[in-house]
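Here the structure comes first, spelled out in structure tokens, and everything after it is commentary.
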Amino acid sequence: MGREFVYVAVILTIIIIIPFYRVVKGPTLFDRLLGVGAIGTKTLVLICLVGFVYGRIDMFIDITLAYAVLNFIGNIAIAKYFIHPRADSEGSP
């Protein structure tokens with residue numbers, strides 16, 4: 001039973017590496033934000049898998065919910081920061 005979880009964890013880690021390439025080499029900022037969101041989502045699945053392996057899925061679900069909220073708020077804050085320019089950079093020569 002444990003071997004299957006290791007295989008799934010390795011596959012999830014490989015799947016996390018794919019959007020990481022987009023974060024590093026993304027042509028635009030929005031591609032990078034999308035990559036960060038995808039990494040956060042797949043990390044949630046990986047954390048739930050770890051919780052299932054340890055037999056404490058209830059505790060790890062709480063951790064993933066908190067992580068999901070932080071991931072969402074962080075993405076929104078970063079997107080809002082880059083969409084609206086700062087006040088001090090508008091009038092500078």
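Details
- Full-stretch length increase - ALA9, LEU49 - with 0.36 nm per residue and alpha-carbon distance subtracted: 13.6 nm
- The residues THR64, THR43, when put in order of fewest to most other Cβ atoms within 10 Å, stand as THR43, THR64.
- Between LEU34, LEU65, LEU44, the residue with the greatest mean-square fluctuation in the GNM of the chain (Cα pairs under 10 Å linked by springs) is LEU65.
- Sequentially through the range 49-59, phi angles give Karplus couplings (6.51, -1.76, 1.60; θ = phi - 60°) of 5, 4, x, 5, 5, 7, x, 10, 4, 5, 5 Hz, Gly and Pro residues having no value and appearing as x.
Values in this text are rule-based calculations from the coordinates and carry no lab data. The structure presented is a predicted model; accordingly, all values stated were derived computationally and were not measured. Please note: Cβ atoms are built from the backbone with ideal geometry, for glycine as well, and neighbour counts cover all protein chains shown.
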